[in-house]
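Since the structure comes first, as structure tokens, the remarks are kept for the end.
Taken together, the values in this text are just the output of simple stated rules run on the coordinates, not laboratory data. Nothing here was measured: the structure is a model prediction, and the numbers come from that model. Cβ placement follows ideal geometry from the backbone for every residue including glycine, while neighbour counts extend to all protein chains displayed.
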Amino acid sequence: MTTPPPQGNPFAQGQQQPYGQPQGQAPQGGFPQQAGQPGFPPPGAPVPPPQQGRKLSFKTIKNIVIVLIVAGVAIGGWIASKDDANTAAVGDCMHRGSTDDNDPDLEVVDCGDAKAQYTVLAKIEGNHSGLTAQSKCEAEAKDFQYVYTETNGSKSFLLCLKDK
């Protein structure tokens, strides 16, 4: 039985070259010394062209943000108006969200809801105010107690209400 030749002391001060490598040559797979800083090409080396990527300009981003804001406001307005007085129909129940008589903030609620305060007896399209509104409700709903008018151009209407 033969013993392999000694490989050298790994704790020795000097660095030994692997067997079969001439002095002064880097081992295979090693990196030869280059001028300049490590990780950077030497001066005068060709620089690769920048990667062709699609960049969004500030103007494009700004336009996207504006579109999102406008869409959010439109959707929010639609959701908020879904239960407004203009969607009320005869037989619906209403809740008054404000104590201000000039802006009672009526909204449609389920008649079984504890918030239901009024019942819609009649809904009359058109612009009516004061005595005209009173006389219209008297003609349409004899036992009405309250008159609510909303003037909004072609979407003006009158609601004749009574306590629930």
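Looking only at the stretch 59-82, decide whether some residue is surrounded by 14 or more Cβ atoms within 10 Å (Cβ to Cβ) and touching a strand residue (DSSP E or B) at 6+ places or on another chain (Cβ under 9 Å).
For the stretch 59-82, residues surrounded by 14 or more Cβ atoms within 10 Å (Cβ to Cβ) and touching a strand residue (DSSP E or B) at 6+ places or on another chain (Cβ under 9 Å): absent.
Count, please, the residues in the stretch 105-116 that happen to be assigned to a loop (DSSP other than H, G, I, E, B) and touching a helix residue (DSSP H, G or I) at 6+ places or on another chain (Cβ under 7 Å). So that I can check it myself, show each step before the final result.
Here is the first cut: in the stretch 105-116, the residues assigned to a loop (DSSP other than H, G, I, E, B) are 105, 110-116.
From what's left, touching a helix residue (DSSP H, G or I) at 6+ places or on another chain (Cβ under 7 Å): none.
Adding up the residues that qualify gives 0.
Would you confirm whether or not the stretch 91-99 contains a residue that is in contact (Cβ under 8 Å) with a residue 40 or more places away in the chain and closer than 27 Å to Trp78 by Cα?
yes
Consider Thr119 against the criteria (1) among the hydroxyl-bearing types (Ser, Thr, Tyr); (2) free of Cβ contacts under 8 Å to residues at least 40 places away in the same chain; (3) part of a strand (DSSP E or B): it satisfies all of them except one. Which criterion is unmet?
The failed condition is (2).
If you go through the stretch 121-151 one residue at a time, how many are over 22 Å from Thr99 (Cβ atoms) and in contact with a helix residue (DSSP H, G or I) (Cβ under 8 Å, 6 or more places away or on another chain)?
Of the residues in the stretch 121-151, 4 are over 22 Å from Thr99 (Cβ atoms) and in contact with a helix residue (DSSP H, G or I) (Cβ under 8 Å, 6 or more places away or on another chain).
Output the number of residues of the stretch 83-100 satisfying the condition of being over 17 Å from Phe157 (Cα atoms) and part of a loop (DSSP other than H, G, I, E, B).
So the answer is 4.
When only residues in the stretch 122-155 that are in contact (Cβ under 8 Å) with a residue 12 or more places away in the chain and among the hydroxyl-bearing types (Ser, Thr, Tyr) count, which is farthest from Ala88 (Cα to Cα)? Outline the logic, then answer.
First, pick out the residues of the stretch 122-155 that are in contact (Cβ under 8 Å) with a residue 12 or more places away in the chain: 122-129, 133-134, 136-137, 140-141, 143-152, 155.
Going one step further and asking which of them are among the hydroxyl-bearing types (Ser, Thr, Tyr), we end up with 129, 146, 148-149, 151.
Numbers: Ser129: 19, Tyr146: 15, Tyr148: 12, Thr149: 12, Thr151: 15 Å.
Checking each candidate, the answer is Ser129.
Tell me which of these Cys93 doesn't satisfy, since it passes every other one: (1) of a type in the set (A, V, I, L, M, F, W, C); (2) under 37 Å from the mean Cα position of the chain (by Cα); (3) closer than 19 Å to Thr151 by Cβ.
It is condition (3) that Cys93 fails.
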